[in-house]
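Comments concern the structure below.
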4 protein chains.
Amino acid sequence: MEVKAFKIATSGPADVSGLQRLIADGAINPSEVICIIAKTEGNGGTNDFTRELAMRAFEDLFVERLKLTRQEVVDRIIFSVSGGCEGVVSPHCVVFTRGGAALNERHDKKRLAIGIGFTREFSPEEIGRLPQIEETAKVIRSIIESLKLDSEKDVHLIQMKGAIPSFSYVEAEAWEKKGKPLRSDMVYSRGASALASAIALKEVDSSQLSDDKVCRDFDLFSSVASCSAKPGLKRTEIMVMGNSPYWTGDLEINHGVLKDMIDVSTVRQVLKGLGITFEDQLSPEQVSRIVGVFAKSEADPRGTIRGRRHTMLTDDDFSDTRYSRCVLGAVLSSIIGDTAVYISTRAEHHGPLGGGTLAIIAKM
Amino acid sequence: MEVKAFKIATSGPADVSGLQRLIADGAINPSEVICIIAKTEGNGGTNDFTRELAMRAFEDLFVERLKLTRQEVVDRIIFSVSGGCEGVVSPHCVVFTRGGAALNERHDKKRLAIGIGFTREFSPEEIGRLPQIEETAKVIRSIIESLKLDSEKDVHLIQMKGAIPSFSYVEAEAWEKKGKPLRSDMVYSRGASALASAIALKEVDSSQLSDDKVCRDFDLFSSVASCSAKPGLKRTEIMVMGNSPYWTGDLEINHGVLKDMIDVSTVRQVLKGLGITFEDQLSPEQVSRIVGVFAKSEADPRGTIRGRRHTMLTDDDFSDTRYSRCVLGAVLSSIIGDTAVYISTRAEHHGPLGGGTLAIIAKM
Amino acid sequence: MEVKAFKIATSGPADVSGLQRLIADGAINPSEVICIIAKTEGNGGTNDFTRELAMRAFEDLFVERLKLTRQEVVDRIIFSVSGGCEGVVSPHCVVFTRGGAALNERHDKKRLAIGIGFTREFSPEEIGRLPQIEETAKVIRSIIESLKLDSEKDVHLIQMKGAIPSFSYVEAEAWEKKGKPLRSDMVYSRGASALASAIALKEVDSSQLSDDKVCRDFDLFSSVASCSAKPGLKRTEIMVMGNSPYWTGDLEINHGVLKDMIDVSTVRQVLKGLGITFEDQLSPEQVSRIVGVFAKSEADPRGTIRGRRHTMLTDDDFSDTRYSRCVLGAVLSSIIGDTAVYISTRAEHHGPLGGGTLAIIAKM
Amino acid sequence: MEVKAFKIATSGPADVSGLQRLIADGAINPSEVICIIAKTEGNGGTNDFTRELAMRAFEDLFVERLKLTRQEVVDRIIFSVSGGCEGVVSPHCVVFTRGGAALNERHDKKRLAIGIGFTREFSPEEIGRLPQIEETAKVIRSIIESLKLDSEKDVHLIQMKGAIPSFSYVEAEAWEKKGKPLRSDMVYSRGASALASAIALKEVDSSQLSDDKVCRDFDLFSSVASCSAKPGLKRTEIMVMGNSPYWTGDLEINHGVLKDMIDVSTVRQVLKGLGITFEDQLSPEQVSRIVGVFAKSEADPRGTIRGRRHTMLTDDDFSDTRYSRCVLGAVLSSIIGDTAVYISTRAEHHGPLGGGTLAIIAKM
């Protein structure tokens, strides 16, 4: 099988004209689309309706093109829409297609392989606790298996949109009284998804985990997770990307673990691993090889970066989530020379405390 | 004469404890302090009271130490306090002292020289128009002359806090009716200050200028200005920094013109001019040589950066001024490896449209 | 003919379930829907995508129900979606239907009459100037005529969504150079729409108007306008409401001119005109009679209210538009005892400077 | 003894010119000043430096006038500075003086009596738990006793600035691991202060309380508390106001419990208790009788007001604390006809869930 990826600029959350053009031109076969990762210009928070608007536009397009119901579309294609294009980050989406016949023979070169899956539906009290983690890890493992990778080391990105089942104030109070307050929020859902990646890839051993460790023991983390979470979503949507010798095409993925939000060295190493070396910034030819940059950002909760105080957590006028996306987006854009980068925040259990994960896909 | 510079982290806008310690230790002679440039954690806007708070704390300290009145202190020391430590930018100040005897003989090496001055008081209708520009340019030229530089090329930073005389709604209406609406705001005051720098350094010829060009013809710009503006301030405060063969010490300054907010190449060139070359990020030894980083940032008013749309001007929940400081602060911090950088915004007539100016002071 | 109105709470911008239920129940005949006025939880600014999301949901519903194209739907029904449910203001919509045969005979009681219309498409340079005003006034007059009112005094609300044709940075520069800078923004479009109402109802005489008066001479104003403006919209959408002796039903509308944002007396007078008098707050029965409350709010540009300073215009962290909606929404909600009120801001030429307009529809 | 109160408009957080004028005029004897309650135009959050700026200005004034050290000033006068003048709320302060000889004889009329006190210093782990509550209640009781009130029913306002001792990330982690996470934040400090009032006035019985009830069981509340909390403050500052037959002057205080943020009826009842009745709004003469309006606001955590959804808790761009101050400030200003009202938020254990407390002082 072969993965193709298309980076498309958007003029607004509901702008699917670029995708429509590529379909009309024959560049994209809509029935081969497996996943769309999009950055929209919202605030990335509870009241970010750009995600819903973008979803609606994408779904409408595929409902019409593929003659499917809305439910069939979302069961077939993963739409990972993340709000928040702070600073220089430019609204865009990356459309992934998967085509060709299943391969039985091994190739010399490993190429980008993508698999998707869904967990069962969760109930609110499972979120942020072991039930969410175990179910998610199980699904991740089965996706990985399907990709025919040489080893877990060849997994470079596990993109998830985590479940946050809704609940009422009364239900929340009831769980509070039971001494097991609900964790069905963005923070815990993201954290548990990331820990599930770590478990699935054996970066963390199940025996190390307990409910108490979630969003608390940040020495436990995934190196490849990129998890968001969506209020109202009942099941977690999962996409795994790795390099497989059984897949073809011209794309390859690499990843690194950011030590902090200004960790230029790791960014350069990830690019180097894809054969991209440079002095100041990428050349235009090198820029054109980059088809996707996916990172998780975090305002260091300890309040300092490289020993100096930051104010992202004490500014009550602007969310630290927006600040950290702005920061990492600026750093990545400045190195790469292209502002169409995907930054998602926060990064609980994604890399070390105050750090994050980074995956880059390039044409070889 | 000799300039010394001290970079001091602050725990809040009114924190002068670091400065007090250096005075107590004998490292700083308070009577030699000529200028303090500080970044405080406000919003940099109309309701940023961190500047007033910091000013009050600095003034109180010098009133006590130098046995002067408050007015005598501000007539003697330039306090350039700029609010806005967005993202990773860390609140700090750089204290400059000027000491030693006036030099008559020339040295081999040019070293950092600093001069300060003040314009006369402006009336509201002069701001953003030729009267402000001409008076400011005149004062700049006289400061430059006093520094005994080899040429105007040796001027690397002209830091100004521009006047914004107050006026009433009624006065504004009256000027509006005369067809000459008041420009006594941050935008015009900054723009006119920058144009004054360009005139003083002959980057722009007086004959090219008219009131209509201010904040309109952005092909006219300064390469070394760094101007803020303060509501209620009646006169513009000016500090000029250059390298002079008649000054001693171990500091040197260099500058560059940023083409856009992610212009890594120019940053690297400015550092190279100070003898600092590196692959990924500065070494700890190199970081410790940097005593001041001063830049002007701008959300490109054309709405794009390197051909891609940005959303800094269409986000009504957060000011483009805060975004652009966050972006350039992140870019500079990531290259230098230190988040104590001074970013001021916006950048009307500071470098090309969408760009800005950058000056770095290092120990040689 | 007869107007019915339905106040429907929404759980999000795209929530049309309440409307669907009323259609399913037979309470609303979708082919009789003439207008929907909705408050959604956005910021009411440039990047408020809740309006687009709500529009899409409403349009989808009518496309399906009425078997029309999207264009046919928007040519038939006015959707006036306004973002910004600050403070206690609760997201909701009011759906208006118009049914029954045209009436030739006069009744004793005047009842709510509604007419809609559209201007021609505008070019950017017409906005905020006489061409927009004259065209808009012409359409308003023709709608009023169609309603068979006794006099212009019986017009109580002219709701408009004003055109803001798009333009490029280059076009803007070109007009700037011609000395006629483009006014194609929210401020001017709203202001011109309101002046058009004033002209149409003879509150202002055409001879008093010139381009220079728009958004400048605030002694000229409408008492019944409620205008928003939408970036990208090419024509202005207009809805006129009045009480006509040729219309039937049980609804009546009344209006008042708010002198400032805390003008409780005018609110009480408008209610009194609808037969609703009370001591502290409305009784539950009285609350249930209110089907629509439509107001325009404004942070007084002179910076004071009843002689005291306000900070809505000097707070750079939050828009004065959001503050003023929050204020007037709280005041109206507190009097009426229901938070489903529609507040739109700003109020250029809507009532006196710092004031606004208010219309209330009640069941008689 | 006799209390006088002076409502003074301010032009900025550091503006003490109005107070200086009243001292110069002889209206205020600075040695009799016992308390200043001020509203400044900050965000009321962690990074609200307007409080520090105002404090510094007030302290400087009294240091100079009373020839005291800064510490002696804050040990003698309670400065209750609260940031957040959202919407129409106008920055101002109310200065209270206490003068005259102690009275031994009872009068016919009860007049405003004020007493102040301080708790011991707290350690971080005591905050939000019983030790804070018990110590605070003890100090309140002793202040009340000193006022010679007829009964606890005559206490109408207990204004507190609660301690929030600082702690490090490491200390927080340590307490977390002990299973007793630190509560040294604004929420818990305010909540515990309010419960202390309830205990002191026997609205809640000590036996009903435990650490688990704090900021959880909102059926327990005070009717007269108005508590803020200040990061870094080590002890809680307390001021009690009531009406005593042993005090003289022309001031009286009354209070009410707001059921929700639009509870106009309670506001009217509190005014009525002070002899102020009216139809729409107060007359100018009545307005001039009001010298202080102190209220606590709260965005109902259940997400609804009078059965309708509000969006204050789901808007990630603006704090619910700012929204609720804006709402209640608008409601109170609209009834009273004066925007110099003091609103503090949030209102944990201040009145019922979603409600708050209100105290008004008037000249009789």
Q) Can you tell me which residues in the range A:331-360 are within 8 Å of chain B (Cβ to nearest Cβ) and either of a type in the set (Ser, Thr, Tyr) or within 17 Å of A:Met312 (Cβ to Cβ) (or both)? A) A:Val331, A:Ser333, A:Ser334, A:Thr339
Q: List every residue pair whose Cβ atoms sit under 6 Å apart, with the two residues 6 or more apart in sequence or on different chains, where the first one lies in the range D:312-330 and is closer than 20 Å to A:Thr321 by Cβ and within 7 Å of another protein chain (Cβ to nearest Cβ) and the second, anywhere, is among the acidic types (Asp, Glu) and part of a helix (DSSP H, G or I).
A: D:Met312/D:Asp320
Q: Answer yes if at least one residue in the range A:312-332 is of a type outside the set (Asp, Glu), more than 20 Å from the chain's Cα centre (by Cα), open to solvent by 10 Å² or more (accessible area, probe 1.4 Å) and over 20 Å from A:Thr40 (Cα atoms), and no otherwise.
A: yes
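Yes or no: the range B:239-248 includes at least one residue that is in a helix (DSSP H, G or I), surrounded by fewer than 22 Cβ atoms within 10 Å (Cβ to Cβ) and out of contact with any helix residue (DSSP H, G or I) (no Cβ under 9 Å at 6 or more places or on another chain).
no
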(Q) Where the second residue is of a type in the set (Gly, Ala, Ser) and modelled with pLDDT of 95 or more and the first is closer than 19 Å to C:Gly42 by Cβ and assigned to a loop (DSSP other than H, G, I, E, B) and lies in the range C:12-27, which pairs have Cβ atoms under 7 Å and are six or more apart or on separate chains? (A) C:Pro13/C:Ala54; C:Ala14/C:Ala54; C:Ala14/C:Ala57; C:Val16/C:Ala57
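Let's see how each residue does on (1) within 16 Å of the chain's Cα centre (by Cα); (2) part of a loop (DSSP other than H, G, I, E, B); (3) surrounded by fewer than 17 Cβ atoms within 10 Å (Cβ to Cβ):
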residue	(1), (2), (3)
A:Phe122	no, yes, no
A:Glu145	no, no, yes
A:Lys148	no, yes, no
A:Lys161	yes, no, no
(Q) D:Ser333 - would you say it is over 17 Å from D:Ser222 (Cβ atoms), in contact with a strand residue (DSSP E or B) (Cβ under 9 Å, 6 or more places away or on another chain) and among the hydroxyl-bearing types (Ser, Thr, Tyr)? (A) yes
Q. A:Asn104 versus (1) part of a loop (DSSP other than H, G, I, E, B); (2) among the polar types (S, T, N, Q); (3) at pLDDT 95 or above: which is the lone unmet condition?
A. (3)
(Q) Of everything in the range D:84-101, what is modelled with pLDDT of 95 or more and either charged (D, E, K, R) or farther than 18 Å from D:Lys363 by Cα (or both)? Give them in sequence order. (A) D:Gly84, D:Cys85, D:Glu86, D:Gly87, D:Val88, D:Val89, D:Ser90, D:Pro91, D:His92, D:Arg98
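Looking at B:Ile262, is it of a type in the set (Val, Ile, Thr), away from chain C (no Cβ under 14 Å) and within 25 Å of A:Pro91 (Cβ to Cβ)?
yes
I need the full set of residues from the range C:23-67 which are away from every other protein chain (no Cβ under 14 Å) and open to solvent by 40 Å² or more (accessible area, probe 1.4 Å), in order please.
The answer is C:Ala24, C:Asp25, C:Gly26, C:Ala27, C:Asn29, C:Ser31, C:Glu32, C:Arg65, C:Lys67.
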Q: Sort through C:Thr136, C:Thr97 and tell me the only one that's in contact with a helix residue (DSSP H, G or I) (Cβ under 8 Å, 6 or more places away or on another chain), away from every other protein chain (no Cβ under 14 Å) and over 28 Å from C:Asn47 (Cα atoms).
A: C:Thr97
Q | Breaking point among (1) open to solvent by less than 10 Å² (accessible area, probe 1.4 Å); (2) more than 18 Å from C:Val74 (Cα to Cα), for C:Asp15 | A | (1)
Q: Report yes if D:Gly292 is open to solvent by less than 10 Å² (accessible area, probe 1.4 Å) and not assigned by TED's automatic domain parsing to the domain that holds D:Ile37, otherwise no.
A: yes
Q: Of all residues in the range B:295-306, count the ones that are open to solvent by 20 Å² or more (accessible area, probe 1.4 Å) and farther than 19 Å from A:Ala9 by Cβ.
A: 1
Q. Can you name every residue in the range B:333-345 that is touching a Ser or Thr at 6+ places or on another chain (Cβ under 9 Å) and over 23 Å from A:Asn43 (Cα atoms)?
A. B:Ser333, B:Ser334, B:Ile335, B:Gly337, B:Asp338, B:Thr339, B:Ala340, B:Val341, B:Tyr342, B:Ile343, B:Ser344
Q) Which one of the conditions (1) outside any helix (DSSP H, G or I); (2) of a type in the set (A, V, I, L, M); (3) in contact with a Ser or Thr (Cβ under 6 Å, 6 or more places away or on another chain) does C:Val94 fail to meet, given that it meets all the rest? A) (3)
Q: Inspect all residues belonging to the range B:277-296 and state whether any of them is of a type in the set (Asp, Glu) and farther than 28 Å from B:Ile36 by Cβ.
A: yes
Q. Only one of (1) out of contact with any His (no Cβ under 6 Å at 6 or more places or on another chain); (2) assigned by TED's automatic domain parsing to the domain that holds A:Gly45; (3) not polar (S, T, N, Q) fails for A:Ile116. Which number is that?
A. (2)
Q | Any hit, the range A:45-57, residues being over 21 Å from the mean Cα position of the chain (by Cα), modelled with pLDDT of 95 or more and more than 28 Å from B:Asp300 (Cβ to Cβ) | A | no
(Q) Looking at (1) surrounded by 14 or more Cβ atoms within 10 Å (Cβ to Cβ); (2) modelled with pLDDT of 95 or more, which one does A:Glu171 not meet, given that it meets all the others? (A) (2)
Q | the range D:265-304, subset within 30 Å of A:Ala174 (Cα to Cα) and touching a residue at least 12 places away in the same chain (Cβ under 8 Å), residue nearest to the other protein chains (Cβ to nearest Cβ) | A | D:Arg302
Q) Taking the range B:118-160 as the region of interest, how many residues are among the small types (Gly, Ala, Ser) and under 20 Å from B:Ser223 (Cα atoms)? A) 4
Q: Those residues that are among the charged types (D, E, K, R) and touching a Cys at 6+ places or on another chain (Cβ under 7 Å), I need them from the range A:19-45; list them, please.
A: A:Lys39, A:Glu41
Q. Counting just the residues of the range A:196-222 that are surrounded by 21 or more Cβ atoms within 10 Å (Cβ to Cβ) and either without any contact (Cβ under 8 Å) to a residue 12 or more places away in the chain or not hydrophobic (A, V, I, L, M, F, W, C) (or both), which one comes out farthest from A:Thr357 (Cα to Cα)?
A. A:Ser197
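Residue-wise test of (1) open to solvent by 40 Å² or more (accessible area, probe 1.4 Å); (2) of a type in the set (Lys, Arg); (3) in a loop (DSSP other than H, G, I, E, B); (4) modelled with pLDDT of 95 or more.
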site	(1), (2), (3), (4)
D:Gly179	yes, no, yes, no
D:Lys234	yes, yes, yes, yes
D:Asn254	no, no, no, yes
D:Thr266	no, no, no, yes
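Report whether or not C:Arg309 is surrounded by fewer than 24 Cβ atoms within 10 Å (Cβ to Cβ), modelled with pLDDT of 95 or more and within 7 Å of another protein chain (Cβ to nearest Cβ).
Criteria met by C:Arg309.
The values are calculated or read from the model by the stated rules, or taken from the named source; none is laboratory data. The model shown is predicted, which means the values in this text are computed figures rather than measured ones. Counting neighbours? That spans all protein chains shown, and the Cβs are built from the backbone with ideal geometry, glycine included. All accessible areas refer to the heavy atoms of the entire protein, side chains included, with ligands and DNA or RNA removed. Shrake-Rupley method; radii C 1.70, N 1.55, O 1.52, S 1.80 Å.
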